[in-house]
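Written out below as structure tokens is the structure these notes cover.
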Amino acid sequence: MSTAAPPADWHRLDPRTVLVTALVVAGVVAGAAIPVTLGLTRWFSLPVAVLQVLAGAVLVIGVAAGADRVRWHRTRYRVGAERVDLHTGLLLVKRRSLARSRIRTVDLTANLMLRLLGLVTVRIGTGEQGSESTLVLDPVTRAEGERLRLLLLERAATASPGVHREGELAVLDPRWIRYAPVSFVAPMLGGAAAGAVMQVSDWVGAQGQVIEWVGDRFRETPLLWVIIVLVLAALVAGVVGALGLWIEMWWNYRLEREPGGTLRVRRGLFTSRSISVEEARLRGVDLVEPLGVRLLGAARLDAITTGLAKDHEAKNADHNTLLPAAPRARADTVAADVLREPDTPTGAALTPHPRAARGRRLRWSLAAALGPVLILTLLGALLTPVLLWIALGCAVVAVPVAVVLALDAYRALGHALSGRYLVTRSGTVRRSTAALERAGVIGWTVKQSVFQRRTGLLSVTATTAAGGGAYTAYDTDASEGLAFAADAVPGLLEPFLERAGDPGRPRP
């Protein structure tokens, strides 16, 4: 079969992709080889089982490498004056194209294998929903990836001059690692570790022995202490996992402003990532404070921007995070630098919300806490008194926690106008302070339930094409909330309002 070279303006992926695929599949096969071999020994002798696994491994690796060799041969791309084209496929050839004027992201990632070979994966996206809005070149050389990034994100310098510097805006402070164990990731990783131990022991047919061994260790220990020790062990495993995950994600972190108005985040220990955000697409920032991190006085900074990739892989890659959890004062400083403001809008004094909003949160929180208690009480009355004691214990623990969280959620509520930005804050388990550029607001949604109407409250939501798409000031005073929306974007809400009494107090 003829293998004529493509035209000069077309480029191929790096041929070492076949080697990368073979090595990755070999690693996966090696990880599965031991449990598969042990499983086969139930029917065959150990040497026969090993030979079967080796033959299967060679077959799987060969098929994977061959398929990737075909993919490499049938894939080519080019960057034209107006479009980026990607052709791939064997029997069904796919021809995809993106207009260069619509390209908003060119992100580079490289796992450990790619880094050792000097390769990267390039993701070119328009920021729209769906995989058809993203072209993936996997892999090319790092030099080619940087060339494509600079070429496709090249813009006329539009950044306004000011006191905020170009170049480096933030770099990793190793002390920030102390915030990793207090994230919600730690308990989840602890549970995953316990599940992994049970799953692996089941694969090798030793789950019963593991359970028996744990039982022998705690044979003379009261059940309560057994539970406490196991939970603590899972938490320790979760903390270790959270520390490792943080190091992998944020090592070598650096936030820079490049000439022409592009913010670039680079990070990663084994898998390196390079994410670019055009300042022309930036509509604000979101200061995120998960409960554990907030208790230590820290916060994370996310970008509110149009055009960030929204496909499945991007959602799992923290594409909009500009700064990992860091001291709150440092996060405010970085926010001001990113927005080119002398004072960060996220630190503006906020208008508190009425006390009726506190009552609503107390009722919601208590209802959520007492609902399960009521169910246990009914079941206890019908089935066994043991459930009544469990209901009492749940009530003793849940009610104070519910009240504390409700009061904290109320204290978090606030809104303000700060220069070019409107600011909203809400949340307790995950507190968010969003500073959204007023020019980025494309509409308002005003909601008032029957219960809100009785207490004179309403919620106003600024809709935008950036970030999460909607930023809400919850349970504001009705007049204050409408005035906030009307003043934030003059002329947008007034046609839907009538003024009565005080001319400065609008109402629906």
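The values are calculated or read from the model by the stated rules, or taken from the named source; none is laboratory data. This structure is a prediction, so every number in the text was calculated from the model and none was measured. A quick note on method: Cβ atoms are made from the backbone with ideal geometry, for glycine too, and the neighbour counts reach across all protein chains shown. Side chains are part of the model used for accessible areas, which takes the heavy atoms of the whole protein and leaves out ligands, DNA and RNA. Shrake-Rupley method; radii C 1.70, N 1.55, O 1.52, S 1.80 Å.
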Could you check Ala242 against (1) at pLDDT below 90; (2) buried (at least 20 other Cβ atoms within 10 Å of the Cβ); (3) within 21 Å of Arg149 (Cβ to Cβ) and say which number it fails? (3)
Can you tell me which condition Arg300 does not meet? The list is (1) at pLDDT 90 or above; (2) farther than 26 Å from Val429 by Cα; (3) charged (D, E, K, R), and all the others hold. (2)
Within the bounds of the stretch 197-216, is there any residue that is modelled with pLDDT of 80 or more, open to solvent by 50 Å² or more (accessible area, probe 1.4 Å) and in a helix (DSSP H, G or I)? no
Would you mind telling me which numbered condition in (1) at pLDDT below 95; (2) touching a strand residue (DSSP E or B) at 6+ places or on another chain (Cβ under 6 Å) Ala317 fails? (2)
Restricting attention to the stretch 68-106, which residues are among the aliphatic types (A, V, I, L, M) and under 30 Å from Ala466 (Cα atoms)? Val79, Ala81, Val84, Leu86, Leu98, Ala99, Ile103, Val106
Restrict the check to the stretch 52-67 and report whether at least one residue is open to solvent by 50 Å² or more (accessible area, probe 1.4 Å) and under 19 Å from Glu144 (Cβ atoms). no
Would it be correct to say that Thr445 is more than 30 Å from Gly292 (Cα to Cα), part of a strand (DSSP E or B), under 32 Å from the mean Cα position of the chain (by Cα) and among the hydroxyl-bearing types (Ser, Thr, Tyr)? yes
In the stretch 86-128, the residues that are under 24 Å from the mean Cα position of the chain (by Cα) and assigned to a strand (DSSP E or B): Thr105, Val106, Asp107, Leu108, Thr109, Ala110, Val120, Thr121, Val122, Arg123, Ile124, Gly125
Yes or no: Gly414 in contact (Cβ under 8 Å) with a residue 12 or more places away in the chain, open to solvent by less than 30 Å² (accessible area, probe 1.4 Å) and of a type outside the set (A, V, I, L, M, F, W, C)? yes
Taking the stretch 417-430 on its own, how many of its residues are over 18 Å from Arg360 (Cα atoms) and either open to solvent by 50 Å² or more (accessible area, probe 1.4 Å) or not aromatic (Phe, Trp, Tyr) (or both)? 8
Enumerate the pairs (first residue in the stretch 445-459 and without any contact (Cβ under 8 Å) to a residue 40 or more places away in the chain; second residue anywhere and open to solvent by less than 50 Å² (accessible area, probe 1.4 Å) and small (Gly, Ala, Ser)) with beta-carbon separation below 7 Å, excluding pairs fewer than 6 apart on the same chain, so at least 6 apart or on different chains. Lys447/Ser459; Leu458/Ala478; Leu458/Gly481; Ser459/Ala473
